Structure formats: structure tokens, C-alpha cells
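Asker: Just dropping this structure here.
Since every read-out is calculated from the coordinates, none of them should be taken as a lab result. None of the values given here were measured: they were computed from a predicted structure. Here the Cβ is made from the backbone with ideal geometry for all residues, glycine too, and neighbour counts use every protein chain on show.
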Amino acid sequence: MRHTVAALVENNPGVLVRVASLFTRRGFNIDSLAVGMTENPNVSRMTIVVTGDEHTVAQICKQLYKLIEVIEVTTLKEEESVARELALIKIACEPRMRSQVTQITGIFRAKIVDVGRDTMTVEVTGDEQKVDAFLQLASDFGIKEIARTGRIALARGSEHMICPKEEVAYGHDFLRCRQQTGAS
């Protein structure tokens, strides 16, 4: 089963490498990884998709907490979160086929973001199944290139991960506050 793990980490050089190394050392595979800055420029949010059982995910969270740069970790259940993916797809498209590609793009509420002599680049946003369905139809025309972000996700409703106000960067030192989860 696929699980989504969200982690708030210090926005420092090398943090991504340390997280990826942790997965490698423990033999965990990352299905998708998206990283970006949060509302606090000193903190980044990682959304990691992994395949495994509940025990595996619990182990991953415990191991992440052992990294000094990790501030908070949570698992996001599918029914309690909103998840999206972005894909840019360059489709082989002769001028006579543009109306067909435009029609499919409209059905998926996607956007044409570039048109070349014999290609069209389309931006698709949605859940994994929507992106996969668009790719399946686009493959009939011929796909030249794909760039996918991987899953990003937030909890539904009022639930959220935030950096406490006390958590402010002072040079290279970072005042940390970690949710008490029993992580050692």
C-alpha cells in the first residue's frame, strides 16, 4: 500500500541528501518525493510517497525524527488529505492534429502552455489517476517528454503542520521545537 509522509525540515544545504540516504541505508524505496519552501523561508516541506505496510511507515517516521534537521513528521491518510500532482507533457502534434489535442486538454481541464512547429506542451494538474489517464490518451499522439512533480499533499480541514513562532533562524543555529512523539 502507498503512504504519504509529510516532513517539515530545516531549509539547509544537504538535508535532502541526508533524508535520501536514510531511505537507502534502511532499504526503503521512495516512490515520489517533492520538496519546497514553506511560509517560513527557513523551513521546507517534504512530501514523500512510499510503499509498505503500517509498520514500515512507522519505522520511516521514527528514522526521519532521528535526523537533526527534521522538525515534524506526519503521515497523511488518503481520505483525510488533499493530494495533487503536476505534469508537463510534450506531445508530438502536427498542425492538423492540434484541435484533437486541444479537445482532450479541455476535457481534463489541463492547459496548453507551449506550441511548437510539431509539438504541444500541456500542463495537467490533479490526482495521480487523472494524470495517468491523460498520459494514456496523449500516448496515442506520441509523447516526446514528460516531467512530473510527484505527489504533494495537505491535510483536509483545519489540521495542519506549522512551525511554531519561536522557531526562527539565528544565523546557522535554529531554535527547534519538536512535537512530542516519543522519537529518540
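Asker: Test of understanding: among THR105, THR51, which residue is within 30 Å of ALA138 (Cβ to Cβ) and buried (at least 17 other Cβ atoms within 10 Å of the Cβ)?
Answerer: Being within 30 Å of ALA138 (Cβ to Cβ) and buried (at least 17 other Cβ atoms within 10 Å of the Cβ) holds for just one of THR105, THR51, which is THR105.
Asker: What is the number of the single condition among (1) over 30 Å from ARG109 (Cα atoms); (2) outside any loop (DSSP other than H, G, I, E, B); (3) in contact (Cβ under 8 Å) with a residue 40 or more places away in the chain; (4) not aromatic (Phe, Trp, Tyr) that ASN12 does not meet?
Answerer: The failed condition is (2).
Asker: Let me ask you something else. Is at least one residue of the range 1-11 out of contact with any strand residue (DSSP E or B) (no Cβ under 6 Å at 6 or more places or on another chain) and surrounded by 16 or more Cβ atoms within 10 Å (Cβ to Cβ)?
Answerer: no
Asker: Same structure, new question: Consider ALA87 against the criteria (1) in contact with a helix residue (DSSP H, G or I) (Cβ under 9 Å, 6 or more places away or on another chain); (2) assigned to a helix (DSSP H, G or I); (3) surrounded by 16 or more Cβ atoms within 10 Å (Cβ to Cβ): it satisfies all of them except one. Which criterion is unmet?
Answerer: Exception for ALA87: condition (2).
Asker: If you go through the range 31-66 one residue at a time, how many are in contact with a Cys (Cβ under 7 Å, 6 or more places away or on another chain) and free of Cβ contacts under 8 Å to residues at least 40 places away in the same chain?
Answerer: Within the range 31-66, residues that are in contact with a Cys (Cβ under 7 Å, 6 or more places away or on another chain) and free of Cβ contacts under 8 Å to residues at least 40 places away in the same chain number 0.
Asker: Which residue is farthest from LEU33 (Cα to Cα), if the candidates are limited to the range 71-105 and must be among the hydrophobic types (A, V, I, L, M, F, W, C) and more than 17 Å from the chain's Cα centre (by Cα)?
Answerer: Going through the qualifying residues, I end up with MET97.
Asker: Shifting gears a bit: Among the residues of the range 93-149, write down those that are charged (D, E, K, R) and either in a strand (DSSP E or B) or within 26 Å of GLU78 (Cβ to Cβ) (or both).
Answerer: ARG109, LYS111, ASP114, GLU123, ASP127, GLU128, LYS130, ASP132, LYS144, GLU145, ARG148
Asker: Quick one: what pairs do we get from the range 95-109, first residue without any contact (Cβ under 8 Å) to a residue 24 or more places away in the chain, second outside any helix (DSSP H, G or I) and of a type in the set (A, V, I, L, M), C-beta under 6 Å, 6+ apart or different chains?
Answerer: Partner pairs satisfying both residue conditions: THR105/ILE112; THR105/VAL122.
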